[in-house]
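The values are calculated or read from the model by the stated rules, or taken from the named source; none is laboratory data. For clarity, every value in this text was computed on a predicted model and none was experimentally measured. Here Cβ is always computed from backbone atoms with ideal geometry, including for glycine, and neighbour counts include all displayed protein chains. Just so you know, the surface numbers come from the protein's heavy atoms only, side chains and all, with ligands and any DNA or RNA stripped out. Shrake-Rupley method; radii C 1.70, N 1.55, O 1.52, S 1.80 Å.
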Amino acid sequence: MTEAEQAIGTPDAGKAEEGAGTSAAGAASGAGKRRRIGVLVAVAAFAYLLDLVSKLAVVAKLEHHAPVEVIGTWLQLEVIRNRGAAFGMGEAMTIVFTVIAAAVIVVIARLARKLYSLPWAIALGMLLGGAFGNLTDRVFRAPGDLQGAVVDFIAPAHFAVFNLADSAIVCGGFLIVILSFRGLDPDGTVHKD
């Protein structure tokens, strides 16, 4: 096993060891696959629930009130209903963002079938949880019909207002970029360009 493989995650030992019998390797890789999918689901559930609970709390306590200063005017909590994408762009295309979020969920579900890498499981779990969080708003919040407004509430100075689902999506995407640059594939293989 190379240093790069140790540093960024590798397939399970049953998959990586060439001397093991095929039945032992198959059993170990199957167990590893379930474990990685479990990590993906756990991370996604945690990100989703954190986003959902935070949105319910801020809507109940902060909506229609003055912004709450967390760090002076540098960071405030302020409830904004966003029908568009980042920075409020594309408000007339809400249904498109709903379809994109659903497509992301389908793509992640397809990738999960060959997922042996722990870092990829974490990254995809963050993306999945964030996509579900914002999709829940698009489906269930007013005005409905897959065009609901996303609840944003984290308001840094001179930046877009966002939520925890957005943070999970950005962090997951950033981690995927790092993993890709380091040559780690979702199936746990490491390639060198």
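Given the condition more than 19 Å from the chain's Cα centre (by Cα), farther than 18 Å from Phe140 by Cβ and at pLDDT below 65, answer yes or no: does some residue in segment 69-85 qualify? The answer is no; no qualifying residue exists. Specify the residue that is modelled with the lowest pLDDT; the eligible residues are those in segment 136-193 that are in contact with a Ser or Thr (Cβ under 8 Å, 6 or more places away or on another chain), under 30 Å from Glu63 (Cα atoms) and of a type outside the set (A, V, I, L, M, F, W, C). Residue satisfying both the conditions and the ranking: Gln147.
The set of residues from segment 148-183 being closer than 19 Å to Val99 by Cα and open to solvent by 70 Å² or more (accessible area, probe 1.4 Å) comprises just one member, Val170. I need every pair where a residue in segment 168-192 that is closer than 19 Å to Ala109 by Cα has its Cβ under 8 Å from the Cβ of a residue that is of a type in the set (Phe, Trp, Tyr) and assigned to a loop (DSSP other than H, G, I, E, B), sequence separation at least 6 or different chains. What qualifies is Pro186/Tyr116; Asp187/Tyr116; Gly188/Tyr116.
Of the strands (runs of 3 or more DSSP E) lying entirely inside segment 63-182, those containing at least 3 residues that are of a type in the set (Val, Ile, Thr) span 68-71, 150-156.
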